[in-house]
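Reading through the structure tokens given below for one structure.
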Amino acid sequence: MVGRRVTAYSGSQNGALRVECYLASVGGVCSADKGSPEIGAGRLKIANQIRLPSGADYAVGAEANVDILTWVYSGKVTSKSNGFYDDVLGAGSLHIIGAGRGLSHLAWNAQEKAVVFQFWILQDNEGGDPTQEVRAGFPELEDGSFKILASGFPEDDPEDGETCEDGSPLTLRSRSRFLHARLSAGDGAAYQTIPGQSLYLTVVSGRITVGCQTLEAGDAFLQDDDSQLTVMAAQDAVVLLVDVPVDGAGR
């Protein structure tokens, strides 16, 4: 296994609003005030953690050909995107905007103090109608394993199966996955993907080990072109995993 820790940089701030930038695109919204975050990871264009005081807005301008995933760790936010109805997102909610051929404005407003994690994944094919999907939590999550919350892998498409359940993954427009795991101290979780993928891990809470590296809340880990990842929890922990093609064409 070959991987490395990804360092966060303090990004744009407006009052108490704070953005921790882990991965950024050239000229992207997640540009750091000090230092420079890494430039993407395959089709993962941006990865950040946003801390919103009550009443604050986090807004971005026109975007196209990218899926924007927002996972709420704590608090409550309202998504506001032109062309779509507003959605209230509580802790554990996942919101995905597929920008498709283009959206002129996207924003998230904190109804109460909130922490969200956001990931921008480039589409495999340009264009298409903009879309919005929301899942208000995934109650069937089990300790000790990774749960697929969103996917563009054909085999994960619930429409390809006989039934479509409330816990089925939301849709991505690339051969990518977004996963979540809640681990008790001493437990582990393993994930296997296909060759040619990058795996990007974020520690939301607790402390874990990946190989010989120890990661704590707020740390991130990137593994390029290695199809297997194993996480061990040194403390009770919550982690998020993004699995994207190494090919980052179009960034």
Once you sort the root eigenvalues of the Cα gyration tensor of region 37-139 as a ≥ b ≥ c, which label holds: rounded (a/c under 1.5), prolate (a/b larger than b/c) or oblate (the other case)? prolate
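Compute the length gained on full extension between Q111 and T131: take 0.36 nm times their separation in residues and subtract their Cα-Cα distance, giving the result in nm to one decimal.
Values: separation 20, 0.36 × 20 = 7.20 nm, distance 2.34 nm.
Stretched fully, the Q111-T131 segment lengthens by 4.9 nm.
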Under the 0.36 nm per residue contour assumption, what length would be gained going from the current alpha-carbon distance of D226 and S145 to full extension? 27.3 nm
Give the ranking of D129, D219 by solvent-accessible surface, highest area first, calculated with a 1.4 Å probe. D129, D219
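Students often check this: by mean Cβ neighbours within 10 Å, which of 40-51, 67-78 ranks highest, and how do the rest follow?
Values: 40-51: 24.4, 67-78: 21.0.
In decreasing order of mean packing, 40-51, 67-78 become 40-51, 67-78.
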With all protein chains present, calculate the accessible area of R5 using a 1.4 Å probe and round the result to the nearest 10 Å². 100
Among L52, T78, V88, flag the residue with its Cα farthest along the positive direction of the charge dipole of region 40-146, charges on Cβ as +1 for Lys/Arg and -1 for Asp/Glu. L52
Given a Förster radius of 30 Å and the C-beta distance between T7 and S74 as r, what FRET efficiency does 1/(1 + (r/R0)^6) yield to the nearest 0.05? 0.80
Karplus-derived 3J(HN,Hα), 6.51/-1.76/1.60, for each residue of region 79-96, Hz, glycine and proline x: 7, 9, 10, 4, x, 10, 6, 6, 10, 8, 10, x, 4, x, 6, 10, 10, 10
What are the ³J(HN,Hα) couplings of region 234-241, residue after residue, when phi is run through the Karplus curve with 6.51, -1.76, 1.60 and θ = phi - 60°? Round to Hz, x for glycine and proline. 7, 9, 3, 8, 10, 10, 10, 10
Between A150 and residues 5 or more places away or on another chain, which pairs have amide H atoms under 5 Å apart, with H built 1.01 Å from N, and which residues are they? L170, F178
Subtract the Cα-Cα distance of C212 and I194 from 0.36 nm times their separation in residues, and report this length gain in nm to one decimal. 4.2 nm
Mark the label point 7 Å from the Cα of L17 along Cα→Cβ and return the residues of region 58-75 whose backbone N is within less than 20 Å of it. 58-64, 68-75
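The values are calculated or read from the model by the stated rules, or taken from the named source; none is laboratory data. Note that the coordinates shown come from a computational prediction; the quantities given were computed from them, not determined experimentally. Glycine also receives a Cβ, built like all others from the backbone with ideal geometry; neighbour counts cover every protein chain displayed. Ligands, DNA and RNA are excluded from the accessible area calculation, which covers all protein heavy atoms including side chains. Shrake-Rupley method; radii C 1.70, N 1.55, O 1.52, S 1.80 Å.
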